[in-house]
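Q: Here it is, the structure, as structure tokens.
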Amino acid sequence: MPDFQPYIPASEKRPEFTLRALLLGSFFGIVFGAVTVYVGIKAGLTVAASIPISVLSISILRVFGRASILENNIVQTTGNAGQSIASGVIFTLPALIFLGYDLEYSRIFMLALVGGWLGVLFMIPLRRQLIVEEHGTLTYPEGTACADVLIAGDRGGSFASRIFLGLGLGGLYTLFQNDNLFAAWPGTPDYQPDLGAQHILKGAAIRADATPEYLGVGYIIGPRVAGIMFAGGCVSWLVLMPLIHFFGASIGHPVYPGTIPIDQMGPSQMWSTYIRPMGAGAVAAAGLITLIKTIPTIVGALTGGIRQMRGSKSGAPKVLRTEDDLPMSVVILGSVALVAIMFLFLEFKPVPGAFVGAWANLAAALLVVVFGFLFVTVSSRIVGIVGSSASPVSGMTIATLMATSAIFLLKGWTAPAFGALAITIGGAVCIAASNAGDTSQDLKTGYLIGATPRLQQLALMIGVCVSTVIIGVTLTAMNTAFQEFRTAAQPWDINATHDGVAVQPNAHLPERIPVQDAGKVTTQHAASEYIVLNALGSSELADGKYLYSPTSHRIEVQWIQGIGSEKAAAPQARLMATVINGILSQKLPWGLVLMGVFLVVAVELLGIRSLTFAVGAYLSIGTTLAIFVGGVVRWMVDRALAKVGEKPDESEISPGALYASGLIAAGGIVGLLGVAIKAYESLTGATVPIQFPHTFLYNSGVSVVMFAALAFSLFYFARKPLKK
């Protein structure tokens, strides 16, 4: 074992697993779990929560008397579970919507719970090998930075004021900017180049979702990554979409997968119809390339894990507090219990239409555990080298889904319901891998400061239980809040056979349906007037849900789901649905998908991060442009600091990073308030009159000026030193 002495010696005991630490950590798990869902669904990115939680914990617990560093570590360990599980959930489970199924809270809760516990349990036997024995090899950058924060706080350093400042200003800005709250100015300034009668770049648009969370994310990921992501957005929105319009405008009929002529499409319609399949192909190819590049690391992780398991049989008994893990009996019995829970869930709560029998459900539960152990080992080792943000969890999940879907295809299970079963398996594995990566970072933090591993592992399990409660609530609320009902009248014979279109019973419609025409609510219809149709892979209708009226014999309304719309794109989940649907149905717009694949190949040959570029190509330019602004602010701060002889703002506990973390939290928390109000209005038909009346201030120019002011505040406070 390496000659290493933690900050708190093993012989010293301090308050650690206290009630106040668990309660505060559980509160942060709920808050940051919800914020991660909100930001991740919209931006396709997540940001580690351990450092902001540590900083806030140090400040809050001081109010109630001096807190032990080990107590603060339990707070961040418990709270960080919410962020890591939310990351795994949003990358996979929204794919159920794209496969034509409702988001059921019970399914989200159970899969998050099973996957989260798997990620913790499988890290128990791996901790000594990966965290202790390879201390000098695997650095776990986020875990090391978090330990630095905790040690500095124990010695008297103060960082919380900068986060609270970001929270305050970011929250105030969001109240006025958010379209679901005061809406004093447009939330998304939009510009389409126009020169008299000649519309330049038809099909293109320049817009920015001017939110504090995107600004903060862009600052933290830095100018290079933000720039590559924005480059992908520019290629999609300012090159490909104008090309599609230029060559397709003269075609008088719809071009598959579109259902209306290209000349009648706006930028958002063109993005959803043609760019998203390209982007899905690009993200899939980039994810697989990233996975292939990490094969040596994967092999090393597996062999190292096997060696550790063999060596643990004859190991000496642990006597030191800092070496006290939960026993292997907990791992074995816990794994058996999770297999049983997963089996019972699939048996008594099956995907409608996917009745495969008890043996198949047992095999599915075993697949979750087998793939879970494989990718928990891989994820933990990879994050030890490159950090959590660069871990190819999406690639691992794609591999799981491809293997599972291939098995289903061989068995002849090709109905859409089996796609939902595949995402059920892949979702649990993805959550386990995501949580294992962050669990490793937390255990590394504990190793450096001298925490008790057994207590951290218990705290992680508690954090998993608590955070899963809010994740499903947030996800379903966002889907409800951002949904739209648009006029889409067309003749339809419900008794005829329509390929890829099925009646969907028991769909959860609001009692009163606000139907929109040209962006304005024109009528409100009763849900009982309609039959819900679900289109998936149809040549007549774009994928999605529609409301058919038996009285008029027409499809009168298009029911646009909130998740998957431009406001909440969920790119990784869309990718998962594309992979599954492509294998099972063998019906995809392969021309568009392959264009995305070869675009990524070209980018990879240029030596650019293809996964970052692919995500940017998939997302709306409104998202990538706002993130790019944050990256530009980071570049300006680094240049300003270099001119006065200071180091660039690279540390995760720098003034700018802490202020940006506050902006992200503020945008997520206050944004969720708007989501809650919108969801309430959608479900009840009532109106909450909080929006300001639209005056001359309600224009894109004011929105740009206010966002620039927020960006300047980030530039200012990032250069202002922290108070010691």
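Coordinate-derived values only; no laboratory data. Model, not experiment: these values are computed from the prediction. Cβ placement follows ideal geometry from the backbone for every residue including glycine, while neighbour counts extend to all protein chains displayed.
Q: How many angstrom lie between the Cα centre of segment 460-523 and the Cα centre of segment 536-592?
A: 12 Å
Q: Along the positive direction of the dipole of the chain (beta-carbon charges: Lys, Arg +1; Asp, Glu -1; about the Cα centre), which of T397, G334, Y140 reaches farthest?
A: Y140
Q: Let me ask another. Between 0 and 90 degrees, rounded to the nearest ten: what's the tilt of helix 19-43 against the longest Cα principal axis of the chain?
A: Compared with the principal axis, the helix lies near 30 degrees.
Q: Sticking to Cα atoms, compute the Rg of segment 484-560 to one decimal and its Dmax as the biggest Cα-Cα distance, whole number, in Å.
A: Expressed in Å, the Cα Rg and Dmax of segment 484-560 come to 11.8, 34.
Q: Can you order the peptides 25-31, 207-213 by their average number of other Cβ atoms within 10 Å per residue, highest first?
A: 207-213, 25-31
Q: Just order 341-350, 471-480 by mean Cβ neighbour count inside 10 Å, highest at the front, would you?
A: Packing proxy ranking, top to bottom: 471-480, 341-350.
Q: Compute the angle between helix 69-92 and the longest alpha-carbon principal axis of the chain, please, reported from 0 to 90 degrees and rounded to the nearest 10.
A: 30 degrees
Q: State the three equivalent ellipsoid semi-axes of the chain, derived from the C-alpha gyration tensor as the square roots of 5 times its eigenvalues, in descending order and whole Å.
A: Working: eigenvalues 331, 196, 111 Å².
After scaling each eigenvalue by five and taking roots: 41, 31, 24 Å.
Q: Still on this model: In the structure displayed, which of K42/K545; K42/K643; K202/K567; K349/K411; K545/K678 lie more than 26 Å apart, Cα to Cα?
A: Beyond 26 Å between Cα atoms: K42/K643.
Q: Here's something else I'd like to know. Let's see if you can work this out: charge +1 on each Lys and Arg Cβ, -1 on each Asp and Glu Cβ, no other charges. What is the dipole magnitude of segment 484-560 about its Cα centre, in debye to the nearest 20?
A: Dipole about the Cα centre, nearest 20: 200 debye.
Q: Summing +1 for each Lys or Arg and -1 for each Asp or Glu, what net charge is found among the other residues whose Cβ lies under 12 Å from the Cβ of T476? Walk me through the intermediate numbers first.
A: Numbers: positive: R107; negative: D102, E104.
Here the charged neighbours net out to -1.
Q: I'd like the trypsin sites (Lys or Arg not before Pro) in segment 1-107 restricted to DSSP loop residues with at most 12 other Cβ atoms within 10 Å, sorted by number.
A: Here the sparse-neighbourhood loop sites are K13, R66.
Q: Something else: Please work out the FRET efficiency for the pair A403 and V339, using the Cβ-Cβ distance as r and a Förster radius of 22 Å; give the result to the nearest 0.05.
A: Step by step, r from the Cβ atoms, then E = 0.75.
Q: Quick one: of the DSSP bridges fully inside segment 484-560, what percent are antiparallel, nearest 5? Don't skip to the answer; put the middle values down first.
A: Details: 25 of 27 bridges.
Of all bridge pairs located within segment 484-560, approximately 95 percent are antiparallel.
Q: Something else now. Shape verdict for segment 593-724, please, from the Cα gyration tensor: rounded (a/c under 1.5), prolate (a/b greater than b/c) or oblate.
A: Cα axes put segment 593-724 in the oblate bin.
Q: Mind jotting down the three principal axis lengths of segment 160-275 based on Cα atoms? Whole angstrom, largest first.
A: 59, 33, 30
Q: Using Stokes-Einstein with the Kirkwood hydrodynamic radius over Cα pairs, what translational diffusion coefficient do you get for segment 1-151 at 10 °C and a viscosity of 1.306 mPa s, in µm²/s rounded to a whole number?
A: 93 µm²/s
Q: So what's the gap between the Cα centers of segment 201-240 and segment 598-649, to the nearest angstrom?
A: Spelled out, the Cα-based centre of one part sits 9 Å from the other.
Q: Next question, about the same structure. Remind me, relative contact order of segment 484-560 in percent, using alpha carbon pairs under 8 angstrom and six or more residues apart?
A: 38 percent
Q: Quick check: the angle from helix 160-177's long axis to the longest principal axis of the chain, C-alpha only, nearest 10 degrees?
A: Helix 160-177 and the main axis of the chain meet at about 10 degrees.
Q: Could you please report the charge total around P350, scoring K, R as +1 and D, E as -1 over all other residues with beta-carbon less than 13 angstrom from its beta-carbon?
A: Taking every Cβ under 13 Å from that of P350, the sum is 0.
Q: Mean residue ellipticity at 222 nm from the helices of the chain, using -39,500 (n - 2.57) per DSSP H segment of n ≥ 4 over the full residue count, to the nearest 500 deg cm²/dmol?
A: -20500 deg cm²/dmol
Q: With +1 assigned to the C-beta of every Lys and Arg and -1 to the C-beta of every Asp and Glu, and no other charges, what is the dipole magnitude of the chain about the Cα centre in debye, to the nearest 20? Before the final figure, lay out the partial values.
A: Details: 44 positive and 40 negative charges, 289 e Å.
Approximately 1400 debye in magnitude.
Q: Rounded to the nearest 0.05, what FRET efficiency do A526 and T18 give with R0 = 60 Å and r taken as the Cβ-Cβ distance? Could you check?
A: Efficiency, rounded to the nearest 0.05: 0.65.
Q: Going highest first, how would you order 626-637, 488-499, 504-515, 419-430 by mean Cβ packing within 10 Å?
A: Output ranking for 626-637, 488-499, 504-515, 419-430: 419-430, 626-637, 504-515, 488-499.
Q: If you scale each eigenvalue of the Cα gyration tensor by 5 and take the root, what three semi-axes come out for segment 13-90, rounded to whole angstrom and sorted largest first?
A: 25, 11, 9
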